[in-house]
Amino acid sequence: MYRWYYIPYWLEKTGLPAGAPAAEQTTKGIDGLRADFGQGMPPQFWEYTVNVARSHKWSFVFMTESLDGGAVTYRSNRHFDILNENIVFPWQSANNTTAHRAIFESRRTAYGQGLVLLNNTSHDEAGYADPWQAFIRYAVGGAIDGAPMVMYGQEIGTSNLGSFNHYELNFGKQIPHFKRYNSMQPQWTAWENNTFGVRNLMPAYSGVGLAREFSPALRSSHRWFLNPAGSNAPDEEIFAVAKYETPGGTPSTSDAVLAFQNLDRSSAQANTFGIPPNLANQLGLKPGRTYNVRNIAAYLGPNNEYPGRRDALLWPGGKTRAQLENEGVFVSLNAIPSSNAAWSTAPFEPQYLKIYDTTAPSGISGGVSFDISGNFSISSNATFTWNAVPPSEGITPLYRVTTTANGVASSQIVSTTSYTFEAVGDVAVSVSVEAVNPNDPSQASSPTVPTPVKYLLTADGDFDGDGQPNAADADPLAASDLPRIAVASVGTALLEGNSTTVTHGFSAEPGKVFNLQFTGELSQPWGTVPDVSTGNGSFSVDFSKPGDHRQDWNGSMFFRAVR
């Protein structure tokens, strides 16, 4: 009676009284327990204990330690949520891809979908002489279904000896003493001294753990071990596996990851891994689509010095399904850097390559409309709208809006089908829009034709210079006083010789006639300047004056509409 009451007792002591409503059971009380030497009690006891515990807290999690393996662990798989079985022993000795695969395949055969604790060391087992060996196994396990475990201190470099003040001999192995007061101060000293480069361990572990939390595919049991292209045998130095949340689900709505880990801490490894057609089907890759990847386990640095590495797309221009099947996926994995500085350029990290659909969206049908009925508005803003581009393969596009205001273009990305431009002062504005892929905004449709130029004028300004404020003027855009469009900012132009030509681009409203004018020391061109009546383009001015001389000019060059 006392044994099964153990769990309700501690639930009550940790804030969950008997009979608490179900809603409180997920927020109060301890969440689970590990049964040390779980096979020491018969199945009938565990069935009764589990039922009693869940009558108090329906979400209570049970983990059993059954290090003997074999029949007792198979039996535990019927009652327990997590199996702390004997994976720790073969995993510590696994040193190539074949050995790792065999460990995971044998447990899939033995336990089916049973959740295995992925512990490569523990409180009563000897650790590794090299703490990076524990990380390598953690990164391998991070890509496999199960429950990855980190022992206390593992993330700062706990090793087999010298990490704690006290050890005890346990079945011939020196383990951290857990039956008396103990301290990890020696390991923190090693961390301060960066022995084995362990200051980089914590961000490396963080990269793996955060990737697994982020990715349903990594946690999924759907897996496909990867071999080098054209080979039926693994690369023994690179553990490689494809993981997918839903077989055949498109990457836009169902997570898919290609995971790689270097098993050789001392040497860089590289290879090209094959993507056979059947795997491409499982990953949900479609013909005619473009894909790219990000390393969601990227190393970001001890102080998050490199935050952009996790978001960077790694395949320039992306790859199609046909390219992935024909060319495979090339990966290059670094060795552990020999200096702290080298971590910034070649860190030791797994590559968990999450697949993104980066296909360019289709174009926007129709043009862009705006809420200004005439050529101008006495207003500080204008709203532009356009038709939505339908989702494709589960991707809802964003929109890049490019505004050209007083000759200066700028762009912004929005998620809606409208954009409100805010003017400062008197502004001539035109807009074009293109649909962009949210996974890769560089992949975009063709932009719409720019809208006609519209003028947003201030109420008390005098845009045409006729002495009347814009709000009271019958035509603040009088023909002889239409706004000027700058084509060259204030600067210095060196004019010398008998014929010097200066060329500048300009952006003007089609259908109107413009003349090039100047401000500054040179008030008029030396030669004849023809009027222009085109839209956007370039304009060349021929400055001619007899004699061989030179003159500096400081000022601005601009077009002014003349009719």
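Counting Lys and Arg as +1 and Asp and Glu as -1 over every other residue whose Cβ lies under 13 Å from the Cβ of Lys179, the net charge comes to -1. Sites listed here are chymotrypsin sites (Phe, Trp or Tyr not before Pro) in segment 120-202 whose DSSP assignment is loop and whose Cβ has at most 16 other Cβ atoms within 10 Å: Tyr152, Phe171, Phe178, Tyr181. Partners of Lys57 within straight-line reach, counting aspartates and glutamates whose Cα lies under 20 Å from its Cα and excluding those fewer than 8 residues away in the same chain: Glu12, Glu24, Asp31, Glu47, Asp81. The relative contact order of segment 238-353 comes to 34 percent, based on Cα pairs under 8 Å that sit 6 or more residues apart.
Applying the criteria of a DSSP loop state and at most 13 other Cβ atoms within 10 Å to the trypsin sites (Lys or Arg not before Pro) of segment 170-213 yields Lys179, Arg180. For segment 399-477, the dipole from Cβ point charges (+1 on Lys and Arg, -1 on Asp and Glu) about the Cα centre works out to 520 debye, to the nearest 20.
Under 19 Å of direct C-alpha separation, and excluding same-chain neighbours fewer than eight residues apart, Lys354 reaches these lysines: Lys243, Lys286, Lys319. Between the listed residues Ile175, Leu201, Phe164, the Cα displaced farthest toward the positive end of the dipole of segment 161-216, a dipole computed from Cβ unit charges relative to the Cα centre, is found at Ile175.
Think of each Lys and Arg Cβ as +1 and each Asp and Glu Cβ as -1; about the Cα centre, that makes the dipole of segment 272-354 roughly 320 debye. The calculated FRET efficiency for the pair Ser379 and Asp311, based on their C-beta separation and a Förster distance of 35 Å, comes to about 0.35. Here each label is just a point 7 Å from Cα along the line to Cβ, and for Asn281 and Ser446 those points are 3.7 nm apart. Each Lys and Arg adds +1 at its Cβ and each Asp and Glu adds -1 at its Cβ; summed about the Cα centre, segment 340-436 shows a dipole of about 60 debye.
What number, in percent, do you get for the relative contact order of segment 369-457 if the mean sequence gap of Cα pairs under 8 Å and at least 6 apart is divided by its residue count?
Here the relative contact order equals 34 percent.
Spatial offset of segment 407-474 relative to segment 94-119 amounts to 60 Å, using the alpha carbon center of each.
Stretching the chain fully between Ala23 and Phe89 yields a gain of 19.7 nm (0.36 nm per residue, less the alpha carbon separation). Summing charges over neighbours of Ser266, with a neighbour being any other residue whose Cβ is under 12 Å away from its Cβ, gives -2 when K and R count +1 and D and E count -1. Of the peptides 248-258, 19-29, the order by per-residue mean of other Cβ atoms within 10 Å, starting with the highest, comes out as 248-258, 19-29. For Arg34 and Gln113, the difference between the fully extended length at 0.36 nm per residue and the C-alpha to C-alpha distance is 26.5 nm.
Judged by the mean number of other Cβ atoms found within 10 Å, the most tightly packed of the peptides 140-149, 362-371 leads the ranking 140-149, 362-371. Extending 7 Å from Cα along the Cβ direction at Arg180 and again at Ala471 yields two label points whose distance is 8.8 nm. Footprinting exposure proxy ranking of Leu83, Leu333, Leu398, fewest other C-beta atoms within 10 angstrom first, gives Leu398, Leu333, Leu83.
Multiplying the residue separation of Ala459 and Ser365 by 0.36 nm and removing their Cα-Cα distance gives an extension gain of 30.3 nm. Residues Ile355, Ile30, ranked from the fewest to the most other C-beta atoms within 10 Å, line up as Ile30, Ile355.
Read-outs: derived from the displayed coordinates by stated rules, not from any lab. Note that this is a predicted model, so its numbers are computed, not measured. For neighbour counting, all protein chains shown are included, and Cβ atoms are generated from backbone atoms with ideal geometry for every residue, glycine included.
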